Structures are given as structure tokens and as C-alpha cells.
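Working notes, structure below.
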Amino acid sequence: MKLSNLIPLLACVGLISSTACVLAEESKTTQAPDAEAWRNKPPALPAPRPFTMPVVDKYKLANGLTVELVEDHRVPWTTVSLGFRSGVANDRADQPGVASMVADMVTEGTKSRTSKQVAEQIDYIGGGISTTGGADNTYVSASGLSEYNGRLLNLLADVCLNPSFPEDELKLKKTNKIQELTIQRGRSEFLVDERFAEVVFGQHPYGIISPKPAQVEKITRDQLVAYHANHYVPNDAILVVVGDFKKTDMKALIEKEFGAWKSGKCDATQVASFPKHTGKMIHLVDRPDSAQSSLKIGNLGLKRDDPDFYTSMVANQVLGGGAISRLFLNLREKHGFTYGAYSMAAWRRQPGFFSADANVRTEVTAPALKEFLTELDKIRKDQVSADELKHAKTYMVGVFQLGLESQGGLGQRLLEAELFNLPEDYLEKYGDRVMAVTPEDIQRVASKMIDVDNLQMCVVGDSSKIKAELEKIGPVTVYDTNGCALSTVKTPATKPVADGG
């Protein structure tokens, strides 16, 4: 601590006189006025570091299973991830929730292990096992100390190839899921997500963010067994192993555990029609006495393999990707409407979505919605500045490369590249492609990504307090919290469009 800063403290506790304190203050005023000016200037952003792709040994087993191996001897640890090209989009129309339930249940018992034994054995090797059921893909990942690589592979293979879906575990899962849904329906964030998905995706499986309690209750063990048999097949899966091992030893383990897995014919993903909306519409879920309103605005988005993927990512980062994005600075910093406002672009095998969202005070619902519309229109019409574009790109590349430093992060990205059939140089060239995005690219792709003339605006809040003001912005349809329409407006009919086109 500087002496000039220490003197007032010493004076307060009586160790020096107040006169010394006054003299110290006078000496500070005689310093050059710009002596501390450097503190007001943020550090310059360095250029992203070059990324060197680790050596990936890629091959296939006779049953069609794609395998990728990456040796990493920095720590005595191994991470194994198995990805399947099936997810929520593969649910049958009359069986919503089955894909997610299968993903939740594979670790709850096998033909040779109980749920408790699975948990105990992964604990014994110091690791963990998890499953994630997404819109297009399903992931099963396990990790543990590398001295137990054999046990790790055996356990992962058992839960993925031989789940028993015990009735008692299924009953417990369904009970917990129904209770979870009851709690979620009391949250405005869940209600606005539910309404938005249904409006944007219609009858497509993407339009269901969670099945209804009655639908969960109808899920049977036979449905789980059938789904697993049709979708958990080696010729539609990718196995990625990153960690402390020798390739020859790991290849032998993989052949031992996965070599006898029988290939199969995976059921095709549903290609349903999506609604095509004409004109801006407001979908208001009435939540009486709500202290705030949840907003979610957007439209059908782009596919993961769209050539403008990188530009759309950067455009989203500039618009609403963080605390220095336009939406955040406008709705929070400038107007004080919310704690945070963000945007999101979700890219999927079939068209995903673009959205912008925030939770705002009830009395500023309509003004906040107008500010969203202003910002969405502005990024389409005006070029972004050089500074905000540089910050967005540098941040994105840095976060991406940081994620590749961990075994799990690298494994996940390798799976992503395979599951979405991305170019071989996807990881290595990611930074270059992001940094190559120009202001002109942003303006062009923002117009493609954001359909400002036909935006669907979903709001959850107290209808009695906000409906009248919302009607000044656009036609309003009101729903209850169960999704049933309470009132409708006359609007141009929507027509389905196959594959988002």
C-alpha cells in the first residue's frame, strides 16, 4: 500500500496526527493529473493463440462403430464418451419422452449389475458416469483413474449395450419426473420456453421441451426396450477415448468390450413440417399476480451444417451473447429493465431456432419488448463496429480453445464433429473461421437469421396488467399455464413448411 494511502488510516487510529493526513492529501493534489490515467484504459486484447490439434487415431470396428483415440498423459485419468445419432427428434408422435427416459435409465441397472452396483463400481475407480439426451443426439460419458481403464470400458459398455430397464427404477423415475414437471409449471421461465417451442416448431418433436405428466405415466418398459434396440446401435454411434493409455492396449480393450455388439438399422429421424408464420404475433401465458414477465422472442433458425454457421455465432455473440452484448447493455445497463438480457442461436440437424429473452418487471413488459425489437432490427440494418466485433470474436475463440484443454471438453468436441458430419479440420480451423468474419458478413447473416417481420413473441405474466400495452405492439393470443388458449385473434393462417424451407 502506498504511504499516501496509509496515512489517513494511521491518523484514524491515533498513530499520527491529523496534520500529517492533511499534508498527505495536499501532496496528492500536486501530482501530475494523468499519473493514474493508465487505470482507465483496459488491457489490449491479444490475438488468439494458434491451436494445434492433438493426434487423433480414428478407425472403425467391424460392426461399424467409429472410434477416436487421443493419448493424454498429463494426468492419470481417462474419459470415455459414446455418442448416438438419436435423441428427442426420434421420439414417436404418440410416445413423447421415451428417448429422454431411455437416456436417464441406462445407468439404472444392467443384466448383470443393479443400479446400486453401477454407482458403487464407478465410485471405486474414482470416477463418474453420466448421460445426456439432446434434441438430435444422446451422450453417455464415463471417466476414472487410468489404472482402471479396463473396468471403465467394461462398465460403460455394459450400461450402453445391456440396460435392463428394471420396473421399480422406471416407476421411481416416472414419479420423480412428474413431480419435477409440477414444480417446473410454477416457473415462468419453463412456461415461456414451452410456449415458444410449441409456437416455433409446431407438431415436430423439437416442439416438446418436456412431456406432460399423463404422457410420462404412459411410458412403459417395452417402449424403452424397443427404442434402445432401434437406436443404440454401433453403426450409428461414435466412441471417443481421451486420456492416459497406450493405443495398443486401448484398442484391445475396445475390441473386447464393443466388438461383439451387433449392428442394426436405426429408425429414421422424423422430418415433420414446421409452421410458417405470417406477421408478428404475441403469445401471452396468463400467470396472475406474477411479479415479473418472462419474454422470449424469435423464429425458426438454421441447420448445424449451414455455411453461415460461424457468422451466425458471431452475430449472436455481438447481439446477446454476454455482459457486454447489445441486449445486455440496453435492457440492463441503460434502462434497468432486467438483471440480464441475452440471445441464443440453436443449430440442429434440422432447423433450430433463434431467440432473445429476459425476465423483466411487470410494469416495463411492453417497453422491454420494444427495446428487443429495436435491437433485433438494428443488427440487421447497421454494421457492427470494429471494436465490438473484435471483442466478440476474440472471446469466442478463447472460450472454445479453453474448453479443449480438458479431456471431457476435447472428447465432447470430437463427438460433435462426428455426429454432425463436420469437416475434418473443424477444431483446428475454428479460430481462423471465426476471426475471418467481417461486419458485412454479420449484417448479411443477421437478416437471414432474424425474421423481424414475422417474429413470434412469447410472454408469461399477469395478463390483466400487461395485455393492453402488448396489444399496441401486435396481436395477442392468451393461454393458461397448461397451454390451453383462452382467447384468440384473427391472423393470417399459418402454413406448414417442410424442413424449414
(request) May I have the convex hull volume per residue, in Å³, for the Cα set of segment 44-130? (result) 237
(request) For n ≥ 4 DSSP H runs only, could you compute -39500 (n - 2.57) per run for the chain, divide by its residues and tell me the 222 nm figure to the nearest 500? (result) -12500 deg cm²/dmol
(message) I need the calculated FRET efficiency for the pair D425 and S263, taking r as the beta carbon distance and R₀ as 35 Å, to the nearest 0.05.
(response) 0.75
(message) Restricting to Cα atoms and excluding each atom paired with itself, what does the Kirkwood estimate give for segment 57-258 in Å?
(response) 18.0
(request) Report the extension gain between K390 and R74 in nm, rounded to one decimal, defined as 0.36 nm multiplied by the number of residues separating them, less their alpha carbon distance. (result) 110.4 nm
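If you take all C-alpha pairs in segment 361-501, what percent of them are over 20 Å apart?
67
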(message) Tell me the relative contact order for segment 273-498 as a rounded percent, counting alpha carbon contacts under 8 Å between residues six or more apart.
(response) 41
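Could you grab the relative contact order for segment 172-317? Cα pairs under 8 Å, six or more apart, rounded to a whole percent. Can you show the working numbers first?
Values: 81 pairs, mean separation 49.1, N = 146.
The normalised contact order for segment 172-317 reaches 34 percent.
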(request) Tell me the label-point distance for the pair T175, N154, using the 7 Å Cα-to-Cβ offset, in nm and rounded to one decimal. (result) 3.3
(request) Pick out, from F400, M344, I122, the residue whose Cα sits farthest towards the positive end of the charge dipole of the chain, with +1 on the Cβ of Lys and Arg and -1 on the Cβ of Asp and Glu. (result) M344
(request) Considering Cα pairs under 8 angstrom that are at least six residues apart, work out the relative contact order of the chain and quote it in whole percent. (result) 20
(message) Can you tell me the length gained on complete extension of the stretch S487 to A229, counting 0.36 nm per residue apart and subtracting the Cα distance?
(response) 88.5 nm
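Only four residue types carry charge here, +1 at the Cβ of Lys and Arg and -1 at the Cβ of Asp and Glu. Report the dipole size of the chain about the Cα centre in Debye, rounded to the nearest 20.
560
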(message) Past 30 Å, Cα to Cα: identify those pairs from K111/K265; K280/K465; K177/K296; K296/K390; K246/K393; K177/K370, in the order given.
(response) K246/K393; K177/K370
(message) Between segment 280-308 and segment 376-450, what is the separation of their alpha carbon centroids in Å?
(response) 23
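Read-outs: derived from the displayed coordinates by stated rules, not from any lab. Source: prediction; values computed, not measured. A quick note on method: Cβ atoms are made from the backbone with ideal geometry, for glycine too, and the neighbour counts reach across all protein chains shown.
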